[in-house]
Structure formats: C-alpha cells, structure tokens
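Working notes for the structure below.
What follows draws every value from the coordinates through simple rules; no lab data is involved. What you see is a predicted model, and the numbers here were worked out from it, not measured in a lab. Because the Cβ atoms are built from the backbone with ideal geometry, glycine has one as well, and the counts that use them run over all protein chains shown.
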Amino acid sequence: MSKNTDKGSSYNKKGRVAKPLSRRTVFKMGLATGIAVPMSALGQSPNRLRPQPGDQLVFEEGPNQDALVRPELLELEKRPLSALARDPATQVLRDGSRLNRIMIMRIDPELMSARYQANVAEGVIAYSAVCTHTGCDVTNWDEGQLRMACPCHESQFDIYDGAKVVGGPAPRPLAMLPLEVVDGIVLVAAGFRGRVGFTQQF
Ligand code: FES
C-alpha cells in the first residue's frame, strides 16, 4: 500500500489527489451554499476592500485630518468631510479604490427619514463620495438647503432622505454607509446600502 507523503495536496474519497479549486469555483460554491466568501480570500488586497463592519473611520481632510472620526469632531449641518475606513486590527487604510471614499457629516437625527434612521450613529452619517451620474466626487455643499452637490453636472442629494436625488442628472441616490458609535469612536456598522459608483451611459 502506497504511503501518502504529499502534505500539500488534498485527496478525494477515492484517494486521488484533488485538483486545486479555482477562484471562480470558490465563488460559485459560496453562492450555492449561501456561505459568504470574503473577497480577501479571493486575493483582493485589503486596502481595496469596501469598508467592512467594525472598521474605524479616519478624516481625509479638515482640521482633524488623519484623526479617528468621533461625533464631537463634526459640527451640526456643516460641509461634509471626506473620510476613509481603516481596519483596526491591521491599521490598513482602505485607500486602494476611489470607490471607498465616503463623505461624513453631522445631522439632527430627528429630521432623518425614518427608513434611514438605523444608519445614523449619534447624529453622524456617511454617504459614498462617488456621484451616480458619471463618477465625480460629490464635494460641494449647499449650506442653505442642506444638500450635497456634485461639481461636475450639478446633481444634488438630500442628506436627510438617504441622499435622494433632488436636482441634476444623477440617476439614483448615493450609497449610504451604516454607522455605529462604540466607546466614542465612529465605526462602520454594515456594508454600503445601495450600489457604489455610476452606471456607464451610452
Ligand atoms: S458626475 Fe455628478 S452630476 Fe455628473
């Protein structure tokens, strides 16, 4: 009887060496079984992953640039600031894709539409920075009407109604990132609600 000395291989029921699973097969298995297959398991760099539950947020700009986001560092209904998620365990900043950029702001939670209340953390909310029209960063702010605005073609988004489009050519709201506050620090509570990015128009 031959002895199995190949420690790096796996074997099927008949004792034959099983072929290594391709990335596509692993992905299909995840779909078939309902078991989530983390993208990191498929070789995606951690800094390219979308914000993950439990991630911290770090200011990209403003007087607290590079600091962790805390509710008291944001002023009520002032211009949104860009931020990125950071893995608290590895300190990896998820800056490998511009689709990961978010805009954070402080609102009056009482005024938020009921369907989005669960995404608010002590008055802090976050939307994807990427416009759903052709992908510019939504960096402008209409302080009078409390709307985020895109500098490219002037789409406007209602911060109190899930970034609903209230002006311009954007076809759908900005994706929203649910948040929570733990020990005074704002964390990502769940993945983006809504699709991040834009749809190519032909
Ligand atoms: S890219 Fe934002 S309105 Fe066109």
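Figures for the structure shown
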{"item": "Förster radius 41 Å - calculated FRET efficiency between GLN117 and GLN44, Cβ distance, rounded to 0.05", "result": "0.80"}
{"item": "FRET efficiency estimate (nearest 0.05) - Cβ-Cβ, GLU72 to ARG98, R0 22 angstrom", "result": "0.20"}
{"item": "Amide H within-cut-off set for ILE102, under 5 Å, with H built and near neighbours excluded", "result": "ALA83, ALA129"}
{"item": "Burial order of peptide ranges 169-176, 62-69, 129-136 (average beta-carbon count within 10 Å, highest first)", "result": "129-136, 169-176, 62-69"}
{"item": "Qualifying GluC sites (Glu not before Pro) in region 75-181, DSSP loop, other Cβ atoms within 10 Å at most 15", "result": "GLU75, GLU122, GLU143, GLU154"}
{"item": "Karplus-derived 3J(HN,Hα), 6.51/-1.76/1.60, for each residue of region 98-112, Hz, glycine and proline x", "result": "5, 6, 8, 5, 10, 10, 10, 7, 10, 10, 8, x, 5, 8, 6"}
{"item": "Cβ-placed point charges (K, R +1; D, E -1), dipole of region 99-202 about Cα centre in debye, nearest 20", "result": "440"}
{"item": "Estimated vicinal HN-Hα couplings, Hz - region 76-82 in sequence order (Karplus 6.51, -1.76, 1.60; Gly, Pro = x)", "result": "4, 6, 9, 3, x, 10, 7"}
{"item": "Segment ASP183-GLN65, extension gain: residue separation times 0.36 nm, minus the distance between their alpha carbons", "result": "40.5 nm"}
{"item": "Cα-based shape type of region 65-202, given that a ≥ b ≥ c are square roots of the gyration tensor eigenvalues and the cut on a/c is 1.5", "result": "oblate"}
